[in-house]
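Where a number appears in this text, it was derived from the coordinates with a stated rule and is not lab data. As the structure is a computational prediction, the values presented were derived from the model and not from experiment. Here the Cβ positions follow ideal geometry from the backbone for every residue, glycine too, while neighbour counts run over all protein chains shown.
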Amino acid sequence: MPKKTVSGEQPASFEEAMAELEELVAQMEAGELPLEASVAAYKRGSELVKFCAGQLDKVESQVKVLEGDMLKPFAADSDTEDEE
């Protein structure tokens, strides 16, 4: 089971944040949390989503820099060109 972090504390990694987020979602979906705990879980989940989105943005920027001008459209885009 993933280590729980204190609300407001940054997770050590993207994977840790995702594991904690999955745990929070499961607890909330079970519907067994009291109202106060549900609100706290929702708040923490929101923080984790923002953290994960930020991590993904950083990685996307790094990939774009590494690939430079080598970025090409997906195959789905080229399929539409063939139909014209």
Residue order, fewest to most surrounding Cβ atoms within 10 angstrom, among LEU33, LEU66: LEU66, LEU33
Rounded to whole Hz, the Karplus (6.51, -1.76, 1.60) HN-Hα couplings of the stretch 16-31, x for glycine and proline: 5, 5, 5, 5, 5, 5, 4, 5, 4, 4, 4, 5, 5, 5, 5, x
Rounded to whole Hz, the Karplus (6.51, -1.76, 1.60) HN-Hα couplings of the stretch 48-53, x for glycine and proline: 5, 4, 4, 4, 5, 4
